[in-house]
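Chemist: Right, I'll just put the structure down here and ask away after.
Please treat every number below as a calculation from the coordinates, not as lab data. Keep in mind that this is a model prediction, so the values were computed, not measured. Here the Cβ is made from the backbone with ideal geometry for all residues, glycine too, and neighbour counts use every protein chain on show.
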Amino acid sequence: MVTFSDGSTIAYTYGADGTKLKTVHKTGSTTTTTDYCGNVVYENGVQKLLLTDEGYVTLSDGKYHYYLQDHQGNNRVVINQSGTVEETNHYYPFGGVFASTNNVQPYKYNGKEFDGKKGLNWYDYGARHYDAALGKFTTVDPLAEKYFNTGLYAYCGNNPINRIDPDGLLLARILIYKVL
């Protein structure tokens with residue numbers, strides 16, 4: 001749970017396998033509950049999004065939205081089923097957003113869910129949260145004893161150009177193929 005100086009809170013609930021099940025944002029008298037059930041996202045008990053490999057469907061109107069991603073899985077552009085650009089994002093190497101238009105959906109850097117409520121600005125990597133402003137995870141790597149040669153809070157071995165961190169546990173090299 002994250003508690004802010006004004007009494008606002010953000011609570012996260014995870015299953016035993018590390019899957020996020022629920023997020024509860026309390027700000028003043030307003031509470032927003034987001035439930036995750038497979039690839040369906042509910043907000044305050046109402047089905048909101050159906051997540052797909054290519055993007056998502058807004059369930060209120062049944063419209064498809066597609067991600068255009070770069071080699072790191074960053075969602076750079078979101079287009080609707082008509083081909084109209086709905087959102088663009090430009091990132092610093094460690095995931096900070098330096099330019100964005102029309103914030104229409106929460107999945108951004110490396111395709112991870114961005115939580116910007118109350119200025120938190122963290123990405124949810126599953127095993128732990130990531131703060132792009134610091135270029136570090138917010139908690140110690142659960143596998144820290146296995147990988148003693150890397151920093152406990154390090155993001156992708158401090159090399160975000162050539163590596164990604166798929167789930168907050170192990171970094172992965174980005175494979176770039178050259179066509180001959």
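Chemist: Hey, got a sec? Which trypsin sites (Lys or Arg not before Pro) in the stretch 78-153 land in a DSSP loop and have at most 10 other Cβ atoms within 10 Å?
Modeler: Those that pass, being in a loop and sparsely packed, are K146.
Chemist: Please name whichever of T138, A154, L49 sits farthest to the positive end of the charge dipole of the chain, dipole taken about the Cα centre and charges placed at Cβ: Lys and Arg +1, Asp and Glu -1.
Modeler: Looking along the dipole axis, the top candidate is A154.
Chemist: Could you calculate the FRET efficiency of E43 with F148 from 1/(1 + (r/R0)^6), where r is the beta carbon distance between them and R0 is 30 Å, rounded to 0.05?
Modeler: Given R0 = 30 Å and the Cβ-Cβ separation, E is 0.15.
Chemist: Which of the chymotrypsin sites (Phe, Trp or Tyr not before Pro) found in the stretch 1-93 are in a DSSP loop and have at most 16 neighbouring Cβ atoms, other than their own, within 10 Å? Walk me through the numbers before you get to the answer.
Modeler: Details: sites: F4, Y12, Y14, Y36, Y42, Y56, Y64, Y66, Y67, Y91; in loops: F4.
Within the stretch 1-93, the qualifying chymotrypsin sites (Phe, Trp or Tyr not before Pro) (loop, at most 16 other Cβ atoms within 10 Å) are F4.
Chemist: Right, next: Along the charge dipole of the stretch 69-180, Cβ charges K/R +1 and D/E -1, which of P166, T101, I79 sits furthest on the positive end?
Modeler: P166
Chemist: Additional query: So who's got an amide H within less than 5 Å of the one on Y64, skipping anything under 5 residues away but keeping other chains? H placed 1.01 Å off N, in plane.
Modeler: Q81
Chemist: Return the subset of K26/K108; K108/K136; K20/K48 for which the Cα-Cα distance in this structure is over 20 Å, preserving the input order.
Modeler: In this structure, K26/K108 exceed 20 Å between Cα atoms.
Chemist: While we're here: If you plug each phi of the stretch 139-148 into the Karplus form 6.51 cos²θ - 1.76 cosθ + 1.60 with θ = phi - 60°, what whole-Hz ³J(HN,Hα) values come out, in order, with x for Gly and Pro?
Modeler: Result, ordered by residue: 9, 5, 4, x, 9, 4, 5, 7, 10, 5 Hz.
Chemist: Just to be sure I follow the definition: excluding the sites themselves, where is the longest run in the chain that has none of the GluC sites (Glu not before Pro) in a DSSP loop with at most 15 other Cβ atoms within 10 Å?
Modeler: 55-144
Chemist: What label, among (1) 16.8; (2) 12.8; (3) 13.6, belongs to mean projected area of the Cα convex hull in nm² computed from the structure on display?
Modeler: So the calculated entry is the one marked (2).
Chemist: What size of dipole, in debye to the nearest 20, comes out for the chain about its Cα centre when the only charges are +1 on Lys and Arg C-beta atoms and -1 on Asp and Glu C-beta atoms?
Modeler: I would put it at about 260 debye.
Chemist: Also: What is the gain in length, in nm to one decimal, between M1 and T101 on full extension, counting 0.36 nm per residue of separation less the C-alpha to C-alpha distance?
Modeler: Net length gain for the segment: 33.0 nm.
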